[in-house]
Structure formats: C-alpha cells, structure tokens
Amino acid sequence: MSMAIGSAADVNGRAWEARGLSQAFAGSSGLLPAEVGVLANLWPRLSGGRIVDVGVGGGRTVPYFSAPARRYIALDLSHAMIEVCRAKHPGTDVRVDDARELATITDSTVDVVLFSFNGIDYVPPEERSLVYRAARRVLRPGGAFAFSSHNLRSFAGVESPIAPIVLTANPIRMVARFGRAVGQTIRSYRNSRRLRPLERRGQDWALLNDGAYASTLLTMYVDPAWQVAELERAGFAGIRIIGERGLDVRKDTTDKW
C-alpha cells in the first residue's frame, strides 16, 4: 500500500493546523534575546508605525510589538493558530494570510514586517523569494523586514526521536508520562520515515526533517552569507545579521538562529 505524501508546503501546512502544535504555541511567552535586539534596533520605525506580524502563531510577540505601534496587524496561515491568538489577544487585528502573498495588506503602507521564530523556514525553498517580494511590496520606502532563520553552519544533526521522561515519585503520574513518551517516540519515528524522501539539499541550504515537534515538519536551514545575497538580489539594502544574544554578528556566524 502506498500513500501520497504531498509537497513540503502540504506537509507543513497540515502540521501547523494540528491541535497539538497550536496548543504548544499557545503556551509560549516572552521574547528571545535576538528579538529584543530587533525591537531595540527598529524602535524608531515601530514607535507610532504600522506593524505587520507574520506567522504570529499563538501570539507570543503580540504584546511587545503591538504596544509601540500606531497600527498592528497579526497574520498566520494556520486557522488553528489564528484561533489561539485571537483567544489570547481579544481586540487585536488578527487575520489569516499567507507570507508569500500578504493579500490582506495594501501596497506601501507598512513600516515593519516581522516574521519571527524561523517561520520563513517552513516555506519551500523555491517559494522563499515570494516572501521577500511580498514584504517589499507592502513596505513603505525606508521600511524594514525582520525575520529569523535556522543556520546551516550550526546544524549538528537531527533531534533524537526518543521523547524525554520527567521523573516523578508519584507512580500513577510516572506511568502516564511513560505512556505519553512512548507514544510520541513512535510518532516521531513514523513521521521521520514518512518525510525523509522529501528532504533536499542545495549548495548553501538544506530542507530537513530535523526532529522538532515529533518530526512533523520540513525545515529549511540556510547559510547566513547565502541569505544576505538572496536579500540583496531581492532589492533589500542595509542588511544586518543579529545573533542569538541580540548583537550584530558576521556572515560566518555559527549561532543556531
């Protein structure tokens, strides 16, 4: 018996709609140090500006990037994520939209487009340029596009499919935790085998099933120097790379993101 897997976009789209993944993102809060660095660097554009927060997920970035904005719009391709975000942040303008299109956003009206938590890495390699094009279309002259991405230079192999077990002295809880860990480990093995045929490698990038989220996703890893060159070809200027500690780094950085 054979089963059609679909494209990388299909695989990732189904994963993001899964209730388990959206609930996991619902519990996320706070900013990463790199995001604090972005917030500080873009403050003149953010303060009183129009912000589009792409791939907002469960709404982790909403309080931080909406506070200084004159107008804030949160977008996500996943209906499940949008439901979570709306529930957590009632009154916020939250919309279903695709980063490759930004169809709900008017041309040349935005000061900052943010695509956090490596969301761009779940767009297939051949469609990544569509994200750049959409961002440029909606940005005003002098506007900024900020996003994070997995660093191919730091890739050290896939995560172990064996789910960890947090020990407890309560025997009933221990049995329940063991059962959940076994179930997740089996799912991870199955997903890894199913998605392995869709993995691809270019000279400066790789599309990998890296084991995250029970191996449900295909994730793009890129060389930072390649990413800078891609953005320059797309017409962006003044490109900066911010490392994991929120400071500027060079194109040969080995920071994970």
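In summary, ARG140 fulfils each of the numbered conditions (1) closer than 30 Å to PRO33 by Cα; (2) surrounded by 16 or more Cβ atoms within 10 Å (Cβ to Cβ); (3) of a type in the set (Lys, Arg) with the single exception of condition (2).
All of LEU207, LEU195, LEU217 fail the test of being part of a helix (DSSP H, G or I), at pLDDT 95 or above, open to solvent by less than 20 Å² (accessible area, probe 1.4 Å) and closer than 12 Å to VAL11 by Cβ, apart from LEU195. Checking each residue in the range 99-136 for being open to solvent by 10 Å² or more (accessible area, probe 1.4 Å), part of a helix (DSSP H, G or I) and farther than 19 Å from TYR72 by Cβ picks out TYR122, PRO125, GLU126, GLU127, SER129, LEU130, ARG133, ARG136.
All told, ARG153 meets the bar of being closer than 20 Å to GLU244 by Cβ, modelled with pLDDT of 85 or more, assigned to a helix (DSSP H, G or I) and open to solvent by 40 Å² or more (accessible area, probe 1.4 Å).
Pairs are defined by a Cβ separation below 9 Å, a sequence spacing of at least 6 or placement on different chains, a first member in the range 96-118 that is free of Cβ contacts under 8 Å to residues at least 40 places away in the same chain and closer than 20 Å to PRO141 by Cβ, and a second member that is open to solvent by 60 Å² or more (accessible area, probe 1.4 Å) and not charged (D, E, K, R); the pairs so defined are SER108/PRO141.
Flag: ARG190 matches the condition of being more than 30 Å from ARG45 (Cα to Cα), open to solvent by 90 Å² or more (accessible area, probe 1.4 Å), without any contact (Cβ under 8 Å) to a residue 60 or more places away in the chain and outside any loop (DSSP other than H, G, I, E, B).
Can you say whether ALA237 is modelled with pLDDT of 95 or more, open to solvent by 80 Å² or more (accessible area, probe 1.4 Å) and not in a strand (DSSP E or B), as far as the supplied structure shows?
Judged against the criteria, ALA237 is a match.
The values are calculated or read from the model by the stated rules, or taken from the named source; none is laboratory data. Only a predicted model underlies this, so the values are computations on that prediction, with no experimental measurement involved. Here Cβ is always computed from backbone atoms with ideal geometry, including for glycine, and neighbour counts include all displayed protein chains. Only protein heavy atoms, including side chains, enter the accessible area calculation; ligands, DNA and RNA are left aside. Shrake-Rupley method; radii C 1.70, N 1.55, O 1.52, S 1.80 Å.
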